[in-house]
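What follows is a set of notes on a single structure, which appears directly below.
The values are calculated or read from the model by the stated rules, or taken from the named source; none is laboratory data. Note that the structure is a prediction, hence the values are computed from the model and not measured. Cβ atoms come from the backbone with ideal geometry, glycine included; neighbour counts cover every protein chain shown. All accessible areas refer to the heavy atoms of the entire protein, side chains included, with ligands and DNA or RNA removed. Shrake-Rupley method; radii C 1.70, N 1.55, O 1.52, S 1.80 Å.
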Amino acid sequence: MAHFIIRDETVHAAFDTLELQANPAAGAKAMRERRDDQRKIAKAKAFLASTGSVAEREAKAVTSDEYREACELYYTAVAADEEYRNTRGKCEQIIEAWRTCQSNFRAMGRIAS
């Protein structure tokens, strides 16, 4: 039976990454929220500046240059936030797997003694 072992260096690197990315990840999340708000504001401004039926005003709002630019900034912010979330999630899973392995080793030690 093969044993799954996570090296100490891998776990230390995961902890280091979590620590180093804490502030940038929070900043990326905040930027995502900020860009989402800017996108909504751009759409609302374009909607209010338009004339016609509600459907026409909605169409003009979502096709306005300001709204499209705000959407592109939002998508960039989402990508940055997701990259941090994915990396941090991977590190958390490495640490959790290491904890499980450590628990299993302790249990095997109790059984063997």
For region 16-28, in residue order, the Karplus 3J(HN,Hα) values (coefficients 6.51, -1.76, 1.60; θ = phi - 60°; whole Hz; Gly and Pro = x) are 4, 4, 4, 5, 5, 8, 4, 5, x, 5, 5, x, 5
The summed charge of the Ala25 Cβ neighbourhood (under 10 Å; Lys/Arg +1, Asp/Glu -1) stands at +1
For Ala46, the net charge from surrounding residues (Cβ-Cβ under 13 Å; K, R +1; D, E -1) works out to +2
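Roll a 1.4 Å probe over the protein chains and send me the accessible area per residue for region 1-92 in Å².
Accessible area per residue, region 1-92: 71 Å².
Based solely on its DSSP helices, what 222 nm [θ] is calculated for the chain when runs of n ≥ 4 H residues each add -39,500 (n - 2.57) and the sum is averaged over all residues, nearest 500 deg cm²/dmol?
Mean residue ellipticity, 222 nm, calculated: -32000 deg cm²/dmol.
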Expressed in square angstrom to the nearest 10, the accessible area of Tyr74 with a 1.4 Å probe stands at 40
Of the accessible area of the chain, computed with a 1.4 Å probe and all protein chains kept, carbon and sulfur make up a percent value of 56
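Could you work out the relative contact order of the chain, using alpha carbon pairs under 8 angstrom and six or more residues apart, expressed as a whole percent?
Working: 77 pairs, mean separation 44.8, N = 113.
So the answer I get is 40 percent.
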For region 41-48, Karplus-derived ³J(HN,Hα) couplings (6.51, -1.76, 1.60; θ = phi - 60°; whole Hz; x for glycine and proline) come out as 5, 4, 5, 4, 4, 5, 5, 5
